[in-house]
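In what follows, a single structure is set out as structure tokens and then discussed.
The values are calculated or read from the model by the stated rules, or taken from the named source; none is laboratory data. Everything numeric here is computed off the predicted structure, so don't read it as measured data. Backbone-built Cβ (ideal geometry, glycine too); neighbour counts: all protein chains shown.
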Amino acid sequence: MILRLTEEKGYARSVDIAVGLGVSKPSVSVAMKQLREGNYIVMDKDNFISLTETGMEIAQRIYERHKVLTRILTMIGVDDRIAQEDACKVEHDISVQTFTAIKEQLEKMEAAK
């Protein structure tokens, strides 16, 4: 969500993350503390959140999964909003092998168009 917000708005704040994920601000605060302690994010004096290099690598990998899963779900007829919600549920837990197979299948489907 931090990466997505940064791409869309140019910045990310805890309140935007909470809205984007549909969770409470206190939940986001706990998560941001953990991400800060893990050196995945930094927060400036105005509470704008930036990903560290390590955080960016992880975020890009997860966001790629999100985009691929959303695309394939919409291609098979799932409503866009539901596809995005379902992709969020799957993107963190799917194995590398399964994701690679899905991505390869999507590329074949798109090439066949």
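Please identify the pairs in which a residue from segment 39-62 that is without any contact (Cβ under 8 Å) to a residue 24 or more places away in the chain has its Cβ atom under 8 Å from the Cβ atom of a residue that is surrounded by fewer than 16 Cβ atoms within 10 Å (Cβ to Cβ) and of a type in the set (Lys, Arg), counting only partners at least 6 apart or on another chain.
42/36; 43/36
Against the condition of a type in the set (A, V, I, L, M, F, W, C), modelled with pLDDT of 95 or more and touching a strand residue (DSSP E or B) at 6+ places or on another chain (Cβ under 8 Å), how does residue 35 come out, does it pass? Lay out the reasoning, then the answer.
On the way: of a type in the set (A, V, I, L, M, F, W, C): yes; modelled with pLDDT of 95 or more: yes; touching a strand residue (DSSP E or B) at 6+ places or on another chain (Cβ under 8 Å): yes.
Yes, satisfied.
Per-residue answers, yes or no, for (1) acidic (Asp, Glu); (2) surrounded by 15 or more Cβ atoms within 10 Å (Cβ to Cβ):
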{"residue": "49", "(1), (2)": "no, yes"}
{"residue": "61", "(1), (2)": "no, no"}
{"residue": "64", "(1), (2)": "yes, no"}
{"residue": "74", "(1), (2)": "no, yes"}
{"residue": "78", "(1), (2)": "no, yes"}
{"residue": "99", "(1), (2)": "no, yes"}
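Can we say residue 28 is in contact with a helix residue (DSSP H, G or I) (Cβ under 7 Å, 6 or more places away or on another chain) and more than 19 Å from residue 89 (Cα to Cα)? Steps first, please.
Values: in contact with a helix residue (DSSP H, G or I) (Cβ under 7 Å, 6 or more places away or on another chain): yes; more than 19 Å from residue 89 (Cα to Cα): no.
No.
Which numbered condition in (1) at pLDDT below 95; (2) in a helix (DSSP H, G or I); (3) farther than 22 Å from residue 104 by Cα is the only one that residue 56 fails?
Among (1) at pLDDT below 95; (2) in a helix (DSSP H, G or I); (3) farther than 22 Å from residue 104 by Cα, residue 56 violates only (1).
I'm told residue 70 meets every condition in (1) of a type in the set (S, T, N, Q); (2) modelled with pLDDT of 95 or more; (3) out of contact with any helix residue (DSSP H, G or I) (no Cβ under 6 Å at 6 or more places or on another chain) except one. Can you identify the failing condition by its number?
Failing condition for residue 70: (3).
In segment 10-47, what residues are exposed (fewer than 15 other Cβ atoms within 10 Å of the Cβ), more than 15 Å from the chain's Cα centre (by Cα) and part of a helix (DSSP H, G or I)?
If the condition is that a residue be exposed (fewer than 15 other Cβ atoms within 10 Å of the Cβ), more than 15 Å from the chain's Cα centre (by Cα) and part of a helix (DSSP H, G or I), then 15, 25, 26, 27, 29, 30, 33, 34, 37 are the ones that fit.
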